Every structure is written in structure tokens, then in C-alpha cells.
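In what follows, a single structure is set out as C-alpha cells and then discussed.
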Amino acid sequence: MFKHSRAFAALAGVALLAACAKPGDDAAKGDAATPSDLSTDAQKFGYSIGIDLGHSLAQVKDEVDIKALESGLEESAAGKTPRLDDKTREEIKKSVSVKIQQKQMEERKVKADKAKADGEAFLAENAKKEGVKTTADGLQYEVLTEGKGDHPTKDDKVTVNYKGTLIDGSTFDSSYDRGQPVSFPLANVIPGWTEGLQLMTPGSKYKFYIPAALGYGERGAGAKIGPNETLIFEVELISIDKTPPAPAAAPAPKPAKK
């Protein structure tokens, strides 16, 4: 969902509050105090709504005329007939919504294209470094510490500590910072992890350089990992929980003799 939808939801919420206020109420009049005077509950309540609305409008502020917004609130609170009818208001909201979506899509594409180009250049140089190996799928890895024992398979569950950064060095996630390792089925993570961890043994610590195609791709992940980002992970494999073999299927019953 695009962020602008939250802004429109906030606008709707404020409009509802304004419509519910009576013209003679302090909440509707705003009192005769200066804007900086927040001595009454009504003033604090109105100011708090304004702050929330301002945050919600951050992504669409270039499309909103604040003076017109104030007029809409004041006229609605005063019970005046809207100068734009219901149909016109819905049409403009939909029109601006489409405009914002298109703008966000264009900005996201520019960001994705840049991240892809930057990632490819980084990996090309990184592959030349001593100790860095590249798999057939394009995963790059570096052995920091080699452990002993069995290798996990994609059907196993593993427990690891890790730190994830972007190629600019910014950290987006770290189990070390949380002070607790994580456990998960190896088949349920990004392809770069599924492939890379199968190279490791308990006690190993590797550094993975994961191209976008083996990471989160064009969709990205959350607010910190944008589209087509190349990811760097330091991963320590603590233990493997081997999946027990599936029980043998019971033999089919033989047909009874006639």
C-alpha cells in the first residue's frame, strides 16, 4: 500500500472530528488564545491532531494547499455547505491519488535502477579481492572462520548470529545488537542465505555478498532495504537441527484372495 493512503485516512479522520464539533464549541473555535498557548485540553487536543496530520501529510505535502485545508476544516466545523460537492471532492481525491502513485512508482524505479548498477559495480570489484569466492549463482562469500562437522541442508533448521549491512556500510539488522541468536528453517529465507549456509559447518563464520537477485530483488524489504539492494552479511553458524527422515510409507494392502 502506498503511504499517501494514510494521509487521506488522516484527513478523513480530522474532517470527521471537525464535523462532529458544534460551532460554539471551544474545539471548533480554537479559543481566542495565541497558537502557542496550549493551556486547555481543547487546545492540546487540537494541536495533537494537527501534529498527527502534519506527519501523515509528509509524503504528499507538495500536493496539499494548507490554507485550503484550514478552510475546509473551519467551514465544516461551522456547518457551512461545502463549496465542492461530494462527487467533485471524491474525483479530486482519486485524481491526486493516481498522480501520487505514479510519482512514487517513478521515484522507486530510479532508486531501483541506481541500486542495481551500484550493486553490480561493487560485486565486480569485490570478486577480485583475495579470499572472495563466487558460486555459479553469483553469491560471493568469504571464509572468516572455518568450523567442523556436518553441513546443513535446505531441509534443516539452523541457529545463527548475523549482522546485515548495505554496500554503503549502514547496518539494517543485527542479532548481535539484540543479544540473541535466531533459529529458522533454511528453506524459509532469501536464496543467498539458503545457498550460503549450506557451505558452512557449526562454528563457521562467513561473510556473504548477496546480489539483489538472491536477496529481496525489486520488492526490497521494509524501510531500510530498498529495491535491488546488494546485501552484505556476516553470519556465524551456531548449530544445526537436522530434520529427521520421513517415515517409510506403509506397504499397500494386498488384495484378498477369492
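One residue stands out among those in region 48-101 that are small (Gly, Ala, Ser) and touching a residue at least 60 places away in the same chain (Cβ under 8 Å): the one that is nearest to residue 37 (Cα to Cα), which is 76. Within this structure, residue 164 passes the test of being part of a strand (DSSP E or B), in contact (Cβ under 8 Å) with a residue 24 or more places away in the chain and farther than 30 Å from residue 69 by Cβ.
Of the set (1) surrounded by 17 or more Cβ atoms within 10 Å (Cβ to Cβ); (2) within 19 Å of residue 138 (Cα to Cα); (3) at pLDDT 95 or above, all apply to residue 220 but (3).
When residues in region 167-203 are screened for being assigned to a helix (DSSP H, G or I) and more than 24 Å from residue 138 (Cα to Cα), 4 of them pass. In the set (1) part of a helix (DSSP H, G or I); (2) of a type outside the set (Asp, Glu); (3) surrounded by fewer than 12 Cβ atoms within 10 Å (Cβ to Cβ); (4) within 34 Å of the chain's Cα centre (by Cα), the condition left unmet by residue 58 is number (1).
Taking region 71-87, which residues are assigned to a helix (DSSP H, G or I) and either modelled with pLDDT of 95 or more or loosely packed, with under 11 Cβ neighbours inside 10 Å (or both)? Can you show your working first?
Going through region 71-87, the residues assigned to a helix (DSSP H, G or I) turn out to be 71-77, 86-87.
Selection gives 86, 87.
Among all positions in region 121-138, there is at least one residue which is in a strand (DSSP E or B), over 13 Å from residue 233 (Cβ atoms) and not basic (Lys, Arg).
The values are calculated or read from the model by the stated rules, or taken from the named source; none is laboratory data. All of these numbers come straight from a predicted model, not from anything done at the bench. All Cβ positions, even for glycine, are placed from backbone atoms using ideal geometry, and neighbour counts span all protein chains on display.
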